Structures are given as structure tokens and as C-alpha cells.
Amino acid sequence: MAKLRIKKGDTVQVITGPKENKGKTGKVIAVYPETSRVMVEGINRIKKHTKVGQSNRGARTGGIVTTEAPIHISNVMLVDPETKKPTRVGIRTETVERDGRTKTVRIRVAKRSGKDI
């Protein structure tokens, strides 16, 4: 299982897939590392048929619900916060000294602009 470089809350752009999704940008809602998939807000929307039932207040629930489905992580690319264009993600390691101890910290870097993410 590879280490994923896209995290929850990142803004990503869809680079491949169905033409109704290709080129769209959205915020990552959830990341599923075991299946290498991400759920992006407003992307890969599906209609789900749910059984009609009643909530404990007596309101009817169910019917056709539109929701997002996960998309493979290779089909999305992180959007560079500076240029607003898709970019690859690199990792830079730094040693930080806190309370007399040195700690190695991994920092995500946008390859397009070189800025920290």
C-alpha cells in the first residue's frame, strides 16, 4: 500500500475520467488509503435508491438520494495554491529541534511553484 500524498481538505482537479467530471475541481471529503480512492465534493455524483422508512419523529425518509462516490486517486491531481493549476506533490524533510530533541518532519511541496502545501 503506497503512501498517499493527497489529504482530506485538499483542493484537487480531476484529470481523467468521464467528460462530465474531467477538468472539475473540488475539495477532498474523505481519503480511503486501503483502496487508493478519494471522495471529492461535487465529483462522481451517483443516484442511490434508499428504502422508504420513518424516522423517530414520524417524518418519511428514503427515495432517490444523490451522493458522491469515491474516485481513484490516480485520476485526480492536487491544485497548486499559488498558480491554481494542477501540480505534482513532492516531500521535503526538515529537522526541527523542540525541547532539546531533534525531530524529522515531512513537508509536502508543490512541484510547480516549489511552495509548501
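The values are calculated or read from the model by the stated rules, or taken from the named source; none is laboratory data. Please read these numbers as outputs of a predicted model, since none were measured by experiment. With ideal geometry, Cβ positions are generated from the backbone for all residues, glycine too; neighbour counts draw on all protein chains shown.
The conditions are (1) loosely packed, with under 15 Cβ neighbours inside 10 Å; (2) under 8 Å from the mean Cα position of the chain (by Cα); (3) closer than 10 Å to residue 73 by Cα; (4) not polar (S, T, N, Q), and residue 6 fails exactly one of them. Which is it?
Residue 6 satisfies every listed condition except (1).
Would you please name the residue that is nearest to the chain's Cα centre (by Cα), looking only at residues in segment 53-95 that are loosely packed, with under 10 Cβ neighbours inside 10 Å and of a type in the set (Val, Ile, Thr)?
So the residue we want is 66.
Inside segment 16-47, can you point out the residues that are modelled with pLDDT of 90 or more and of a type in the set (D, E, K, R)?
22, 24, 27, 34, 37, 41, 45, 47
Please go through segment 37-47 and give me each residue that is loosely packed, with under 11 Cβ neighbours inside 10 Å and in contact with a strand residue (DSSP E or B) (Cβ under 6 Å, 6 or more places away or on another chain), ordered by number.
47, the sole residue that qualifies.
Among the residues of segment 1-14, write down those that are assigned to a strand (DSSP E or B) and of a type in the set (Val, Ile, Thr).
11, 12, 14
Restricting the search to segment 8-21, which residues are without any contact (Cβ under 8 Å) to a residue 40 or more places away in the chain and more than 12 Å from residue 71 (Cα to Cα)?
8, 9, 19, 20
From the list 109, 65, 105, 52, which residue is under 16 Å from residue 10 (Cα atoms), of a type in the set (Val, Ile, Thr) and touching a strand residue (DSSP E or B) at 6+ places or on another chain (Cβ under 7 Å)?
109
Could you give every pair whose Cβ atoms fall below 6 Å, whose first residue belongs to segment 85-106 and is closer than 30 Å to residue 24 by Cβ, and whose second residue is modelled with pLDDT under 90 and of a type in the set (Asp, Glu), counting only separations of at least 6 or pairs across chains?
none
What residue, among those in segment 11-36 that are in contact with a His (Cβ under 9 Å, 6 or more places away or on another chain) and more than 10 Å from residue 76 (Cβ to Cβ), is surrounded by the most Cβ atoms within 10 Å (Cβ to Cβ)?
So the residue we want is 36.
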